[in-house]
1. May I ask you to list the residues in the stretch 103-126 that are under 29 Å from Phe240 (Cα atoms) and surrounded by 17 or more Cβ atoms within 10 Å (Cβ to Cβ)?
2. What number of residues in the stretch 75-102 are in a strand (DSSP E or B), surrounded by fewer than 20 Cβ atoms within 10 Å (Cβ to Cβ) and within 17 Å of the chain's Cα centre (by Cα)?
3. Condition first: at pLDDT 95 or above, under 17 Å from the mean Cα position of the chain (by Cα) and part of a strand (DSSP E or B). Can you find one or more residues in the stretch 112-126 that meet it?
4. Being in contact with a Phe, Trp or Tyr (Cβ under 7 Å, 6 or more places away or on another chain) and either assigned to a loop (DSSP other than H, G, I, E, B) or in contact (Cβ under 8 Å) with a residue 60 or more places away in the chain (or both) narrows it down to one residue among Val194, Val153; which is it?
5. Restricting attention to the stretch 29-50, which residues are among the hydrophobic types (A, V, I, L, M, F, W, C), assigned to a strand (DSSP E or B) and surrounded by fewer than 19 Cβ atoms within 10 Å (Cβ to Cβ)?
6. I'd like the residue in the stretch 199-209 that is out of contact with any Asp or Glu (no Cβ under 7 Å at 6 or more places or on another chain) and in a strand (DSSP E or B) and, out of all such residues, is modelled with the lowest pLDDT.
7. Within the stretch 51-74, restricting attention to residues that are among the hydrophobic types (A, V, I, L, M, F, W, C) and either under 18 Å from the mean Cα position of the chain (by Cα) or not in a loop (DSSP other than H, G, I, E, B) (or both), which residue is surrounded by the fewest Cβ atoms within 10 Å (Cβ to Cβ)?
8. Using the structure shown, decide if Gln177 is modelled with pLDDT under 90 and over 19 Å from the mean Cα position of the chain (by Cα).
Amino acid sequence: MIATNRNSYFLAGVSALLMAGGAMVTAPARAAALDENIATSYTALGTSINWQNDGTNTPQSGTLGPFDRACAILESKPVTKGDVMTRSLYVLDAGNGAANTVVLNIYTRTDTITSTGGVKSDAETIVPRGQVVLSLTSQAGVVCYMAANDTSVFASTSINNQASIIEKKTFAQSTIQSFVTATNNPVTQITVDVEGVVFVTFGTGPSAGFAEFNDESQYLAAGQNFNFTVLAGTTNATTF
């Protein structure tokens, strides 16, 4: 609670008292998400990923895979309809198998959440929806990078001078090259801010380059000597 004088007002809890036309009104409280206090965790095991949900009286678990080497994972924002929440799950496979390819695996995660006597239950399923073989190469020990906004997934690895951009609805793929072409400039970071603006960073030091995209994944700008690290408030993939 913030100390005030007699001419000020208090802000407390989830609602704020506001002055409007000389009358005191109460701002509506934020509605709780259907899956509030329910969480699903993922454990990378190289050729597979184990998942488990917690926070209900019916914990569930399962396994995704097989992969050559699962190296990054992220979820999309959920869509809620009634007591069902649906979201996409993206797993980047670093490959290094027989074809030496990098693959984006797309899943649909569905949570049917019900409550009886104040106790929540979650019937959760995660099922495959598609695969996209990316225009990237792989080798043992590569570092993976992945981030997404509402329209696309951006992915690459530490040995590629380009990043793949995968459109979420159609799975169509395009690529972005390093702005700096005179030297080997592999991807060193991909980040997205809360507004959906994506930066792909190539290289480090004086030869570092970048490419910027808006929230609709449209190209905005590119340049050199931009030692980009991370945007404040980012939401990026968990990498393994």
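The values are calculated or read from the model by the stated rules, or taken from the named source; none is laboratory data. Keep in mind that what you see is a predicted model, and the values were worked out from it rather than measured. All Cβ positions, glycine included, derive from the backbone under ideal geometry; neighbour counts span all protein chains shown.
1. Within the stretch 103-126, Val103, Leu104, Asn105, Ile106, Tyr107, Arg109, Asp111, Asp122, Glu124, Ile126 qualify.
2. Step one: list which residues in the stretch 75-102 are in a strand (DSSP E or B), which gives 75, 79-81, 84-93, 101-102.
Those left that are additionally surrounded by fewer than 20 Cβ atoms within 10 Å (Cβ to Cβ): 75, 79-81, 84, 86-88, 101.
The next check asks that each one be within 17 Å of the chain's Cα centre (by Cα); those that pass are 75, 79, 86-88.
The total comes to 5.
3. The answer is yes; a qualifying residue exists.
4. Details: Val194 fails: in contact with a Phe, Trp or Tyr (Cβ under 7 Å, 6 or more places away or on another chain).
Val153 is the lone residue from the list that is in contact with a Phe, Trp or Tyr (Cβ under 7 Å, 6 or more places away or on another chain) and either assigned to a loop (DSSP other than H, G, I, E, B) or in contact (Cβ under 8 Å) with a residue 60 or more places away in the chain (or both).
5. Of the stretch 29-50, the ones among the hydrophobic types (A, V, I, L, M, F, W, C) are 29, 31-34, 38-39, 44-45, 49.
From what is left, the residues that are assigned to a strand (DSSP E or B) are 39, 44, 49.
Ala39 - this is the single residue of the stretch 29-50 that is among the hydrophobic types (A, V, I, L, M, F, W, C), assigned to a strand (DSSP E or B) and surrounded by fewer than 19 Cβ atoms within 10 Å (Cβ to Cβ).
6. Looking at the filtered set, the residue picked out is Gly209.
7. Pass one, the stretch 51-74, residues among the hydrophobic types (A, V, I, L, M, F, W, C): 51, 64, 67, 70-74.
Filter again for either under 18 Å from the mean Cα position of the chain (by Cα) or not in a loop (DSSP other than H, G, I, E, B) (or both), leaving 51, 64, 70-74.
Details: Trp51: 19, Leu64: 21, Ala70: 23, Cys71: 26, Ala72: 24, Ile73: 22, Leu74: 21.
Within the stretch 51-74, the match that is surrounded by the fewest Cβ atoms within 10 Å (Cβ to Cβ) is Trp51.
8. Details: modelled with pLDDT under 90: yes; over 19 Å from the mean Cα position of the chain (by Cα): yes.
For Gln177, the condition - modelled with pLDDT under 90 and over 19 Å from the mean Cα position of the chain (by Cα) - is met.
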